Amino acid sequence: MSEMVSGEIVDLQIKSQESSKWILSNGEIEVPINGSEAPEGVQEGDTIKVFLFKDRRGNLSATSTLPHITKGTYGWARVIKMDEREGAVVDIGSSREVIVKPSDLPLLKELWPKTGDHLYMTLRTDFHGDLFGRLATEDRVAETFVEAPTSVMNENLKARAYRLLPIGSFFISVPQGYRVFVHHTEQMAEPRLGEEVDVRVIGVKEDGSLNGSMLPRKQERLMDDAETLYRYLQDVGGKMPFTDKSSPDEIYDMFNLSKASFKRALGKLMKEKKIEQKDGWTLVKSDI
């Protein structure tokens, strides 16, 4: 019979009771389970399904609270604690917590997950048999993602970041399981690993994966830019020395907008008759 190792779910028979523990056996190897970790009403001779792990003393132990992630299977684990030395402590659905080591996390700590984020991962054991989380590789995601239909084009999806690169970020949509790539030019800011964000689908590829954007739609951006300019005008007394004739550098330094975006926002406000331009100034119209 094969050796039992942590990280596996197995069926074991209850052999006997010792104080507050039950002794489980596969016929060759015995494993203890605390009474609080066993199903209610069990008796000697019953066979129960348990999850194996190493306890704090390094001994193999069991719990009947089964995780949704095991060795060889992948799933989302919620981050319940972050530690600079240990890494991310995650909930795998069992009474046993698991650590994702710092070596598996991004080099930049500002991109580390925060409490409440989710990591797409599996379980591994180290040399001592201790459990830890291992993030899913790109090859694994490529094998398992759900192909998206063309009908999702231009839809907004909830998605969690599973891989971060300088060229862009990779996501898996939840709950659908689509694979989404967002180029760095389509990001307002780089997401954290495991962060859930809104992604707009801007391309459906032949393999069923998606290209996405984290930027607002052009119309939404235009509304935001126009609102920003109008609020600025109101804050400075209703006039500013910036018009559609101002230089791109002046506009960018002042408003963090390209000249094209600035002119579109001004055009929207003028069309709405909220502003006017006169003698090199932009003014709030006094009759609104």
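Couple of notes before you dig in:
- A single member of 247, 213 is among the hydroxyl-bearing types (Ser, Thr, Tyr) and either under 21 Å from residue 152 (Cα atoms) or in contact (Cβ under 8 Å) with a residue 24 or more places away in the chain (or both), and it is 213.
- In summary, residue 104 fulfils each of the numbered conditions (1) in the same structural domain as residue 84 (by TED's automatic domain parsing); (2) touching a residue at least 40 places away in the same chain (Cβ under 8 Å) with the single exception of condition (2).
- The stretch 35-52 - residue that is at pLDDT below 90 and not in a loop (DSSP other than H, G, I, E, B) and, of those, farthest from residue 194 (Cα to Cα): 35
- Subset of the stretch 53-76 [outside any loop (DSSP other than H, G, I, E, B) and within 20 Å of residue 5 (Cβ to Cβ)]: 53, 54, 60, 61, 62, 63, 71, 75
- Checklist (1) within 29 Å of residue 51 (Cα to Cα); (2) polar (S, T, N, Q); (3) in a loop (DSSP other than H, G, I, E, B) applied to residue 154, failing item: (1)
- Checked against the criterion of being modelled with pLDDT under 95 and part of a helix (DSSP H, G or I), the stretch 118-138 contains one or more residues that satisfy it.
- Breaking point among (1) modelled with pLDDT under 95; (2) touching a His at 6+ places or on another chain (Cβ under 7 Å), for residue 57: (2)
- Note on the stretch 78-104: among residues that are assigned to a loop (DSSP other than H, G, I, E, B) and out of contact with any strand residue (DSSP E or B) (no Cβ under 6 Å at 6 or more places or on another chain), the one that is surrounded by the most Cβ atoms within 10 Å (Cβ to Cβ) is 93.
- Residue match in the stretch 176-190 (condition: in a loop (DSSP other than H, G, I, E, B), surrounded by 13 or more Cβ atoms within 10 Å (Cβ to Cβ) and of a type in the set (Val, Ile, Thr)): no
- The residue list 170, 145 contains one member that is within 15 Å of the chain's Cα centre (by Cα) and surrounded by 15 or more Cβ atoms within 10 Å (Cβ to Cβ), which is 170.
- Within the stretch 139-160, considering residues that are at pLDDT 95 or above and among the basic types (Lys, Arg), the one nearest to residue 122 (Cα to Cα): 160
The values are calculated or read from the model by the stated rules, or taken from the named source; none is laboratory data. Keep in mind the model is a prediction, meaning the values are calculated, not measured. Reconstructed Cβ throughout: ideal geometry from the backbone, glycine too, with neighbour counts over all protein chains shown.
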